[in-house]
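As structure tokens, the structure follows; a few thoughts come after it.
The values are calculated or read from the model by the stated rules, or taken from the named source; none is laboratory data. Here the structure is a predicted model, which means the values were calculated and not measured. No Cβ is skipped: glycine too gets one built from the backbone with ideal geometry, and neighbour counts run over all protein chains shown.
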Amino acid sequence: MFFKFIKQHLNVNHLVSRNINGIKVMIYVTMILAILIIAYKKINRIKRFKIARLKFELEPETEIMCEVS
């Protein structure tokens, strides 16, 4: 279930590194990202994970554009 979640919802399709340390780092970073998206989802009362992920990705860009203009 964990790897299915990573592959489907976080779009991690392949490993960047082949050594054990690189794989551990990638799994830890992916888990941190998932926790941040889940927290964002709960704070903003968003029902679907994919919508929360999309808004989580786009919000910093939107804020930067508002700061620039």
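Do the conditions hold for Phe56, that is, is it out of contact with any Lys or Arg (no Cβ under 6 Å at 6 or more places or on another chain), in contact (Cβ under 8 Å) with a residue 24 or more places away in the chain and aromatic (Phe, Trp, Tyr)? Spelling it out, it is not the case that Phe56 is out of contact with any Lys or Arg (no Cβ under 6 Å at 6 or more places or on another chain), in contact (Cβ under 8 Å) with a residue 24 or more places away in the chain and aromatic (Phe, Trp, Tyr).
Considering every residue within the stretch 7-19, establish whether at least one is exposed (fewer than 14 other Cβ atoms within 10 Å of the Cβ), at pLDDT below 85 and aliphatic (A, V, I, L, M). Yes, there is a match, as at least one residue in the stretch 7-19 is exposed (fewer than 14 other Cβ atoms within 10 Å of the Cβ), at pLDDT below 85 and aliphatic (A, V, I, L, M).
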